[in-house]
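Below is one structure; the comments refer to it alone.
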Protein chains: 2
Amino acid sequence: MAASTLSEVARLAGVSLATASRVLNGSSRKPAEDIAERVRDAADKLGYVPNAQAQALAKSSSGLIGLVVHDIADPYFSAIARGVQEAARQQNRMVLLASTSGTPADEKQAVAAFAARRADSMVIAGSRSVREEDKQGNAELAAELDRYCRNGGQVGVVGHPVVGASAADGYHVVEVPNEELAAGLAGQLAATHDGGFVIIAGPEGLYTSDDRVRGFQQGLADAGRPAAEVIRTGFNRAGGFQAGQALAERIKGSKERLCIFAVNDVMAIGVTAALRPEGVWIPRDATVAGFDDIETLRDFRPALSTVHLPLEDIGRLAAGDPDTPPITGTVKLRRSTEAPVGPQL
Amino acid sequence: MAASTLSEVARLAGVSLATASRVLNGSSRKPAEDIAERVRDAADKLGYVPNAQAQALAKSSSGLIGLVVHDIADPYFSAIARGVQEAARQQNRMVLLASTSGTPADEKQAVAAFAARRADSMVIAGSRSVREEDKQGNAELAAELDRYCRNGGQVGVVGHPVVGASAADGYHVVEVPNEELAAGLAGQLAATHDGGFVIIAGPEGLYTSDDRVRGFQQGLADAGRPAAEVIRTGFNRAGGFQAGQALAERIKGSKERLCIFAVNDVMAIGVTAALRPEGVWIPRDATVAGFDDIETLRDFRPALSTVHLPLEDIGRLAAGDPDTPPITGTVKLRRSTEAPVGPQL
DNA sequence: GATGATTGGGAAAGCGCATTCCCATTGCCA
DNA sequence: TGGCAATGGGAATGCGCTTTCCCAATCATC
């Protein structure tokens, strides 16, 4: 990656390095117009592209913003990524991407890599967990983040604080009201559903999942309903599918119409997919609700009841965009939780 | 973003800068073990994180790989992004992300930004077009890429060469056999479908769309079928939706069972969504096929007939992963194009 | 034991740029 | 017209690191 340098431009234009720098890469001092033009011409002729690395080194600010997600192909994360990307664009910066497989150890590595690149800020979008096996990784991640912040870095975390991270400044959490929203969903579902509830949750210790479970149970309690049974499984489609298979028998063997709350949309889709070949129809034989309101899933039928989350705004906010509206969600009741004889849309 | 520097580490360890560099950041020369340990200890104590910018500057290789997509939240692109990300991970590099809104002018800017950051390579995933309005942008993009390649950059383009780019070396195109696959799809559809065909395409001049249209028509011709009517619309869900609305009347007014080929899955979903409230059922009243086999859409019902594309591999290949299998697609016939009285899955 | 071959640490020269000083001009006012 | 402030270009330094080159110490060889 050799390319022409500023000094080459300067030489061709017959000016000093300093002048060329001032003309080409915005400085407070503006050289005279005729000189400026000569420099610009020279730069053009040579196809000069400033070396951002060198600039970053010289003024110690890289214009980079790091983004850590579990899986960029997951629609939940890619929606957040879009928000981050937009914020970065506005701030005239670039985003560095890191997909970790979701383990804190990988995330720590990503953070270190971002720090090495002297990213001005970073956003961590993976869901936090307190599982025993992640303990060590969490501690290391927290330490790494802490160091990064102490060195002046800005970090935005989506959802829950990184476990064990001390509240340094520069450390910023985008709160997602998972618990209240899940409670709201439970309340609205309870208003029209008489039967029992089942929750399909992620592994215990996953904050996002646990919050939604807790909120949902609270909502049920507030509505005077007994607590729902909780089935723990993977936090993805496969997990939902598996849980759906396990539930199929039970649903077919009883005349009770169960309401199934999967803690995210993708899991809800998995549940539905597992139920379908077993002849369990939604919403006739059971109802299903999810969480997130993933855009790509909106044309799914029966339309999935869920909680809408402004994922893009969440990303934007985590990336430090000041004029993002505060994060709120909305319960969306759709066909998948309607009464058996509802309208046909 | 101040942090401790290598020279601080060297001083604390009582060695020279050179030695510290050699032990900490891999060199061919390995200092003695006792000295190495002293350096590592010092680095640990200071929380030293090497400045990747400075390293890049010194050895003129940034370890960066740029990725240009239209929209990172689009499942097509995010799948490719996942592949790129994995390849990058394997090569021990990081990916720089740029979402352009799809105009060549924006893409050019992204390329320039990557070049400024001295990315070792980059992949361009947006679909190429020859539309008149993009002419100028295309030319500029081509020039920018050309310059980048001349300076030793590697670029991988998905699908079609950038219009006007000279075949410099370092310039690498991942060919996607859109045309053959579309022909194959048409052939297989023609084998079981007696009625007419309609193609819902993107705007004229969009290579990906045009290729698929051409291939499909060819496939029909090979099967002795008359050419399909082509409806041009947006290359996204909204476009498909609009086309679907336009088609609804016609389908309802005739007893012919139309086979609709939308040039990508997302458009096919849009078509289906528009048809549904009009009472047009798939596959009873018409059949629908798409292209891409987007993962998130696989649970959609009726299951969408489509052409499977190994998007992740495509990304990996474009990112220069040598042991990616060659790109081939597969026609997937599913429920959406079955005979009216097919099995119920 | 003297000599050449090796090993391994250190000094220093950049990598490409921003920026602080410094100095030669120019313009202005008295 | 002399003196001063203001203007604007240039030389030089440093950002944090890699890498070449140099040199002292050790080793093997005859």
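The values are calculated or read from the model by the stated rules, or taken from the named source; none is laboratory data. This is a predicted model, so every value here is computed, not measured. All Cβ positions, glycine included, derive from the backbone under ideal geometry; neighbour counts span all protein chains shown.
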Problem set entry | Odd one out for B:L46 among (1) surrounded by fewer than 20 Cβ atoms within 10 Å (Cβ to Cβ); (2) within 16 Å of DNA strand C (Cβ to nearest atom) | (2)
Problem set entry | Among the residues listed as B:R150, B:R225, B:R128, B:R214, the single one being crowded, with 18+ Cβ neighbours inside 10 Å, among the charged types (D, E, K, R) and farther than 19 Å from B:P104 by Cα | B:R225
Problem set entry | Count of residues meeting criterion [in contact (Cβ under 8 Å) with a residue 24 or more places away in the chain, buried (at least 19 other Cβ atoms within 10 Å of the Cβ) and more than 7 Å from DNA strand C (Cβ to nearest atom)] in the stretch B:12-22 | 1
Exercise. What is the residue count in the stretch A:1-11 for residues that are part of a loop (DSSP other than H, G, I, E, B) and surrounded by 13 or more Cβ atoms within 10 Å (Cβ to Cβ)?
Worked result: 4
Seminar exercise, completed: Over the stretch B:238-275, the set of residues of a type in the set (S, T, N, Q), more than 21 Å from B:F77 (Cα to Cα) and touching a residue at least 40 places away in the same chain (Cβ under 8 Å) is B:T272
Exercise. Among A:V307, A:V280, A:V266, which is facing another protein chain (nearest Cβ under 9 Å) and either of a type in the set (A, V, I, L, M) or over 15 Å from A:A248 (Cα atoms) (or both)?
Worked result: A:V266
Exercise. Applying the selection to the stretch B:226-255, what residues are under 18 Å from B:T287 (Cβ atoms), part of a loop (DSSP other than H, G, I, E, B) and touching a strand residue (DSSP E or B) at 6+ places or on another chain (Cβ under 7 Å)?
Worked result: B:A228
Exercise. Does the stretch B:265-293 hold any residues that are of a type outside the set (V, I, T), more than 22 Å from B:R225 (Cα to Cα) and assigned to a loop (DSSP other than H, G, I, E, B), and which are they?
Worked result: B:G279, B:W281, B:D293
Exercise. What is the number of the single condition among (1) modelled with pLDDT of 90 or more; (2) more than 11 Å from DNA strand D (Cβ to nearest atom) that B:I35 does not meet?
Worked result: (1)
Exercise. What pairs can you find where one residue is in the stretch B:276-304 and on the phi > 0 side of the Ramachandran plot, the other is among the charged types (D, E, K, R) and at pLDDT below 95, and their Cβ atoms are less than 9 Å apart, with a gap of 6+ or different chains?
Worked result: B:G279/B:K252; B:G279/B:D285
For this session: Would you check if B:A105 is over 24 Å from A:H70 (Cα atoms), in contact with a helix residue (DSSP H, G or I) (Cβ under 7 Å, 6 or more places away or on another chain) and within 16 Å of DNA strand C (Cβ to nearest atom)?
Result: no
Exercise. For the stretch A:136-146, what are the residues that are surrounded by fewer than 18 Cβ atoms within 10 Å (Cβ to Cβ) and closer than 21 Å to B:T5 by Cβ?
Worked result: A:A143
For this session: Considering only the stretch A:127-223, give the helices (runs of 4 or more DSSP H) lying wholly within it that have at least 2 residues that are more than 14 Å from every other protein chain (Cβ to nearest Cβ) and touching a residue at least 60 places away in the same chain (Cβ under 8 Å).
Result: A:178-192, A:207-222
Exercise. Here is a list of conditions, (1) surrounded by fewer than 16 Cβ atoms within 10 Å (Cβ to Cβ); (2) at pLDDT 95 or above, and B:E175 meets all of them except one; can you say which number that is?
Worked result: (2)
For this session: Check B:A18 against each of (1) within 7 Å of DNA strand D (Cβ to nearest atom); (2) at the interface with chain A (Cβ under 8 Å from one of its Cβ atoms) and name the one condition it does not meet.
Result: (2)
